[in-house]
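Structure, as structure tokens:
The values are calculated or read from the model by the stated rules, or taken from the named source; none is laboratory data. If you're wondering where the values come from, they're calculated on a predicted model, not measured in any experiment. So basically every Cβ, Gly included, is an ideal-geometry build from the backbone, and we count neighbours across all protein chains shown. These accessible areas exclude ligands, DNA and RNA; they are computed on the full protein's heavy atoms, side chains included. Shrake-Rupley method; radii C 1.70, N 1.55, O 1.52, S 1.80 Å.
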Amino acid sequence: VPEHAELAWILGCLTNVPRLLRLPQWKMKRTSQNNEGTVGLLTYPVLQAADILLYKSTYVPVGEDQVLHLELAQDIAQHFNKKYGEFFPVPKAILSEL
């Protein structure tokens, strides 16, 4: 679905790099890759946010390991809405137990 990539690009233009660098998945993978993490790894959480926000999801089932990525989606939605007007609902987590 091209709209996922298109929205990810737009949201990526609104997301600052320091915010992405604080995500624990980035820190762990970068360490395992000799401090040479890839752009794809860095921007993947923005693509996840686009996947959620594209469908204007209000509740998202997540495991505990994905809570921070959902928080990023919430932050991006709030930032977008503040800048351009209310458009995206701010999604809430439904913690799944696996």
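A compact table of results
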read-out: Hey, G63 open to solvent by less than 80 Å² (accessible area, probe 1.4 Å), at positive phi and of a type in the set (G, A, S) or not; value: no
read-out: Residues of region 66-85 classified as more than 9 Å from the chain's Cα centre (by Cα), of a type outside the set (S, T, N, Q) and open to solvent by 60 Å² or more (accessible area, probe 1.4 Å), total; value: 4
read-out: Test: Y44 is within 14 Å of the chain's Cα centre (by Cα) and of a type outside the set (D, E); value: yes
read-out: Single unsatisfied condition, S96 versus (1) among the hydroxyl-bearing types (S, T, Y); (2) in contact with a strand residue (DSSP E or B) (Cβ under 6 Å, 6 or more places away or on another chain); (3) at pLDDT 95 or above; value: (3)
read-out: Of the criteria (1) within 12 Å of the chain's Cα centre (by Cα); (2) part of a helix (DSSP H, G or I), which one A5 fails; value: (1)
read-out: Elements of type helices (runs of 4 or more DSSP H) in region 15-75, at least 3 residues being polar (S, T, N, Q); value: 24-32
read-out: Pair list, Cβ under 8 Å, 6 or more apart: region 40-56 residue free of Cβ contacts under 8 Å to residues at least 24 places away in the same chain and open to solvent by 30 Å² or more (accessible area, probe 1.4 Å), other residue of a type in the set (K, R) and not in a helix (DSSP H, G or I); value: none
